[in-house]
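Notes to accompany the following structure.
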Amino acid sequence: MSFFGVGEVYRNGYRVEHVVRFFDGELAVARKDEKRYYLQSALLQKQAPSRAIQQYRTLTHPLVLTFEEVYTEERSIVFIRPYEPIHPLREVISTREVDEDQVVEWGRQLLKLEAELKSKPMPMYLLLDPRNIGLNDQGELRVLFCGLEQITAQPRTLDWGSFLFSLLSGQYLDAPLEKFPSDFPCSKPMARLIQRSLKNESVESVLSQMDAYEKRKQGKGLLGFLFKSEKTDVETQTQTDKAVEPKVSDDPAPARPEDDPPFPSPETPEKTTPNEEAPEQLYQKIEEERLERLRLEFERRQEELLKKQREELERKQQELLEKQRLEFEQKEQELLARQREEFKQRIEEPDEQESWEREQEEKERLEQEQKEQERLAEEKRKREEEEQARLEAERRAWAERERERIEKEQEERVQAELERLKQERLEWEKKRQELERKEEEMRERLQKEFEELAQKLLAKQEEEFERRQEEMLKAQRELLESKTKERLEKQRQELEQTSKRYLITPQHTKPRASLFDLPPNDYKPKSEPEPPATAEEVKGEQATQEQPAKEEKQEREKQTGEAKERLQQEKLEHENQEHDQLAKQFEEYMKQMLGDES
């Protein structure tokens with residue numbers, strides 16, 4: 001089953017850049033947030049429990065890449081690990097030869113790793129395959145896959161003997177060796193180590209075989225050990241000289257600006273003005289002088305260091321040779337004196353020769369045992385010092401990696417917290433905008449309702465005003481009619497009294513009639529002709545008729561104006577009361593709505 005595809009995104013933003021087959025799964029290189037990671041999948045025999053996932057996440061070892069995330073898929077497990085350039089041992093052994101000591105050192109590191117893996121609560125195993133193990137840019141071992149017993153499906157491919165033979169011979173083996181090839185060119189201790197490690201899965205047994213290999217390689221006597229140490233020191237010094245000389249020679253003096261023509265670079269345009277060239281040339285000159293000073297200082301320090309090392313080495317060699325010469329002369333003199341005494345004893349006491357020989361043999365054996373013990377103690381002390389130095393280096397490397405991991409985790413936590421705060425801020429901003437939108441909608445709705453209520457109220461007030469105005473006009477009309485009737489009745493009575501005063505006989509007067517019994521103006525009875533009226537009567541009648549009409553008209557206008565003013569005043573007061581009541585209701589409604597939302 002293929003989990004990774006080039007260009008696809010896995011899980012939380014891991015964009016795959018490259019994918020290869022890796023045993024029963026896949027190995028991919030992905031990128032996330034400008035960082036690169038290894039994505040590795042492996043098949044499972046059964047579903048991995050949660051404690052297995054937790055064990056992978058807490059696994060820390062200098063040889064194993066840390067597990068940042070572990071995911072379980074359908075019948076597979078996926079590891080997320082930080083990217084580090086690794087060169088598989090299969091490529092390393094095919095491009096260059098590896099000496100026996102280097103193979104043994106690698107094997108010892110891997111054996112300690114497997115011992116730690118087997119001691120876990122859920123036992124784990126190391127997949128011994130040159131494709132699974134590689135070197136980083138600093139030449140340190142790195143392991144890609146470690147399996148879980150009875151959970152991961154990938155089986156072991158090689159045993160320890162076959163793995164060591166593959167590294168030493170440069171051949172890639174698909175299956176374990178059945179027998180060590182007799183014609184393979186290697187030392188006898190190495191051949192014995194490989195033979196005894198074939199089909200051997202015990203970590204302690206293989207480690208003991210490696211210890212025996214080192215003892216056989218180093219056990220060549222005291223003088224041989226000393227001369228070997230001297231030879232090793234000379235070779236180390238020679239290699240140091242060879243390694244230093246190329247560094248000095250390969251670092252030539254930087255060329256002056258006038259020797260090489262200026263080439264355009266991505267940062268510097270091809271055409272520059274004279275004002276811009278002068279600071280550039282000055283900066284280049286200062287930089288070249290600084291580099292020249294650094295190179296001269298480096299060469300001087302290298303020469304002083306080489307001279308000091310050479311003098312120290314010569315002094316140690318002279319001291320060692322002088323010491324060896326003095327010890328040899330002393331031993332030679334002691335031996336000659338002892339032989340001289342023994343020769344005398346042989347001549348004087350021939351009967352005690354056999355006992356003396358036994359004593360001499362016992363003394364030689366004791367001396368040899370003491371020398372051997374001293375040599376073993378020295379070797380043990382040196383191994384302990386080397387082991388302590390290696391453990392200290394591993395501890396420092398682990399502490400550095402742990403510090404970097406903690407800094408990385410802190411940075412990731414800070415980034416995650418910033419992202420979370422950013423998301424919360426966006427959510428709060430969104431909620432605030434939503435509340436503003438709802439508040440605006442509510443305000444518009446309330447404004448609309450208020451306008452509708454105001455319109456309804458105004459319409460109602462207009463209707464009420466019109467109704468009251470009609471009622472008032474009707475009452476005024478009735479009042480005016482009643483007053484007009486009363487005044488006409490009064491005028492009629494006054495007119496009757498005036499007629500009596502002027503002794504007008506009934507036959508010469510008009511018949512009495514009420515306001516409603518008067519005939520129309522154009523009615524003229526033909527049967528009884530009216531007598532002609534005099535000029536004074538006519539003027540009196542006209543003045544009498546015009547005066548009440550004017551008074552009535554003035555009174556009517558006055559009453560109408562007062563009624564209109566009174567109606568307008570009542571209308572304004574009513575409208576003000578209604579507006580005040582609506583504003584109060586609107587404020588109470590808004591307070592209630594805002595209280596419900598909060």
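Note on region 447-465: residues that are surrounded by 11 or more Cβ atoms within 10 Å (Cβ to Cβ) and farther than 16 Å from Gln581 by Cα amount to 3. Quick check on region 73-96. Is at least one of its residues modelled with pLDDT under 90, assigned to a strand (DSSP E or B) and out of contact with any Phe, Trp or Tyr (no Cβ under 6 Å at 6 or more places or on another chain)? Looking for residues that are modelled with pLDDT under 90, assigned to a strand (DSSP E or B) and out of contact with any Phe, Trp or Tyr (no Cβ under 6 Å at 6 or more places or on another chain), one finds at least one in region 73-96, hence yes. Of the set (1) of a type outside the set (D, E, K, R); (2) free of Cβ contacts under 8 Å to residues at least 40 places away in the same chain; (3) out of contact with any Cys (no Cβ under 9 Å at 6 or more places or on another chain); (4) open to solvent by less than 70 Å² (accessible area, probe 1.4 Å), all apply to Gln138 but (4).
Determine, yes or no, whether Leu426 is over 30 Å from Glu562 (Cα atoms) and in contact with a helix residue (DSSP H, G or I) (Cβ under 7 Å, 6 or more places away or on another chain).
So Leu426 does not fit the description; no.
Filtering region 108-127 to residues that are aliphatic (A, V, I, L, M), closer than 23 Å to Val78 by Cβ and open to solvent by 10 Å² or more (accessible area, probe 1.4 Å) leaves only Met122. Cβ separations smaller than 9 Å between residues 6+ apart or across chains give the following pairs from region 155-173 residues that are of a type in the set (S, T, N, Q) to residues that are open to solvent by 20 Å² or more (accessible area, probe 1.4 Å) and part of a helix (DSSP H, G or I): Ser166/Arg90; Gln171/Ser94.
Of all residues in region 4-55, those satisfying the criterion of being surrounded by 19 or more Cβ atoms within 10 Å (Cβ to Cβ), in contact (Cβ under 8 Å) with a residue 40 or more places away in the chain and assigned to a loop (DSSP other than H, G, I, E, B) are Phe23, Ala48.
For region 466-482, what are the residues that are within 20 Å of Glu551 (Cβ to Cβ) and loosely packed, with under 14 Cβ neighbours inside 10 Å?
We begin by selecting, within region 466-482, every residue within 20 Å of Glu551 (Cβ to Cβ); these are 476-482.
Selection gives Arg477, Glu478, Leu479, Glu481, Ser482.
Scanning region 89-107 finds no residues that are under 21 Å from Asn136 (Cβ atoms), among the hydrophobic types (A, V, I, L, M, F, W, C) and open to solvent by 30 Å² or more (accessible area, probe 1.4 Å).
Taking the condition assigned to a helix (DSSP H, G or I), modelled with pLDDT of 80 or more, open to solvent by less than 100 Å² (accessible area, probe 1.4 Å) and touching a Leu at 6+ places or on another chain (Cβ under 7 Å), does Leu567 pass? Explain how you work it out, then say what you get.
Working: assigned to a helix (DSSP H, G or I): yes; modelled with pLDDT of 80 or more: yes; open to solvent by less than 100 Å² (accessible area, probe 1.4 Å): yes; touching a Leu at 6+ places or on another chain (Cβ under 7 Å): no.
When the stated conditions are applied, Leu567 does not pass them.
For region 107-146, please list each of the strands (runs of 3 or more DSSP E) lying entirely inside it that holds at least 3 residues being over 33 Å from the mean Cα position of the chain (by Cα) and of a type in the set (Asp, Glu). Please lay out each step first, then the result.
Values: elements: 124-126, 133-135, 141-143.
Filter on region 107-146 gives an empty set.
The values are calculated or read from the model by the stated rules, or taken from the named source; none is laboratory data. Here the structure is a predicted model, which is why all the values come from computation and not from measurement. Virtual Cβ from ideal backbone geometry, glycine too; neighbours counted across all protein chains shown. Side chains included, ligands, DNA and RNA excluded: accessible areas come from the protein's heavy atoms. Shrake-Rupley method; radii C 1.70, N 1.55, O 1.52, S 1.80 Å.
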